[in-house]
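Some notes on the structure that comes next.
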Amino acid sequence: QVHLVESGGGLVQAGGSLRLSCAASGNIFSINTMGWYRQAPGKQRELVATVASDGTESYANSVQGRFTISRDNAKNTVNLQMNSLKPEDTAVYYCKWSGFSTATYRQYDYWGQGTQVTVSS
């Protein structure tokens, strides 16, 4: 079991910045990916950015160049620095932890409860 605690959401004007943080605790496998997804009202949840334990990063096209994901493997934390925010970035942002167990050869996925990000125009 992995428990995720998110922080850092809020209200910001267009063009502003926010930083989201997520801390994972529990049965942390060394092979894992941490990331952020978001869900706007009436829309499906979508990938924002992910970073693997080997440092490989992935971004949605819509946030490339504006958002930066980073992680601290020693602290099992992942951060999302969001700059040049747009009203269309408004959504609930969810932290996700995906880990692969070399004992069971299975992947395990856990989600945080979500944090609201609202960008006003």
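In region 3-27, the qualifying residues are those that are more than 15 Å from the chain's Cα centre (by Cα) and among the aliphatic types (A, V, I, L, M), and the one that is surrounded by the most Cβ atoms within 10 Å (Cβ to Cβ) is Val12. When we screen Gln116, Gln107 for residues that are under 19 Å from Val5 (Cβ atoms), in a strand (DSSP E or B) and open to solvent by 50 Å² or more (accessible area, probe 1.4 Å), the only hit is Gln116. Taking every residue in region 97-109 that is without any contact (Cβ under 8 Å) to a residue 24 or more places away in the chain and pairing it with any residue that is open to solvent by 50 Å² or more (accessible area, probe 1.4 Å), at least 6 positions away or on another chain, the pairs with Cβ-Cβ distances below 8 Å are Arg106/Phe100; Gln107/Phe100.
Among the residues making up region 76-87, those that are modelled with pLDDT of 95 or more and either open to solvent by less than 20 Å² (accessible area, probe 1.4 Å) or part of a loop (DSSP other than H, G, I, E, B) (or both) are Val78, Leu80, Met82, Asn83, Ser84, Leu85, Lys86. So for region 46-69 (the condition being among the polar types (S, T, N, Q), under 12 Å from the mean Cα position of the chain (by Cα) and over 18 Å from Val5 (Cα atoms)), does at least one residue qualify? Taking every residue of region 46-69 in turn, at least one turns out to be among the polar types (S, T, N, Q), under 12 Å from the mean Cα position of the chain (by Cα) and over 18 Å from Val5 (Cα atoms).
When only residues in region 88-103 that are open to solvent by 20 Å² or more (accessible area, probe 1.4 Å) and modelled with pLDDT under 90 count, which is farthest from the chain's Cα centre (by Cα)? Of everything passing the filter in region 88-103, Ala103 is farthest from the chain's Cα centre (by Cα).
Looking only at residues in region 28-48 that are closer than 12 Å to Gly99 by Cβ and of a type in the set (S, T, N, Q), the one that is surrounded by the fewest Cβ atoms within 10 Å (Cβ to Cβ) is Ser30. Out of the residues in region 28-45 that are of a type outside the set (A, V, I, L, M, F, W, C) and within 11 Å of the chain's Cα centre (by Cα), state the one that is farthest from Gly8 (Cα to Cα). Among them, the one singled out is Thr33.
Answer yes if at least one residue in region 95-106 is touching a strand residue (DSSP E or B) at 6+ places or on another chain (Cβ under 7 Å), farther than 17 Å from Ala24 by Cβ and small (Gly, Ala, Ser), and no otherwise. Looking for residues that are touching a strand residue (DSSP E or B) at 6+ places or on another chain (Cβ under 7 Å), farther than 17 Å from Ala24 by Cβ and small (Gly, Ala, Ser), one finds none in region 95-106, hence no.
To keep it simple, each residue is scored yes or no on (1) without any contact (Cβ under 8 Å) to a residue 12 or more places away in the chain; (2) in contact with a Ser or Thr (Cβ under 7 Å, 6 or more places away or on another chain); (3) assigned to a strand (DSSP E or B).
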{"position": "Glu6", "(1), (2), (3)": "no, yes, yes"}
{"position": "Gly16", "(1), (2), (3)": "no, no, no"}
{"position": "Cys22", "(1), (2), (3)": "no, yes, yes"}
{"position": "Ile28", "(1), (2), (3)": "no, no, no"}
{"position": "Trp36", "(1), (2), (3)": "no, no, yes"}
{"position": "Gly42", "(1), (2), (3)": "yes, no, no"}
{"position": "Thr50", "(1), (2), (3)": "no, yes, yes"}
{"position": "Asp54", "(1), (2), (3)": "yes, no, no"}
{"position": "Arg71", "(1), (2), (3)": "no, yes, yes"}
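The values are calculated or read from the model by the stated rules, or taken from the named source; none is laboratory data. Please read these numbers as outputs of a predicted model, since none were measured by experiment. All Cβ positions, glycine included, derive from the backbone under ideal geometry; neighbour counts span all protein chains shown. For the accessible areas, the whole protein counts, side chains as well, though only heavy atoms, and no ligand, DNA or RNA atoms are used. Shrake-Rupley method; radii C 1.70, N 1.55, O 1.52, S 1.80 Å.
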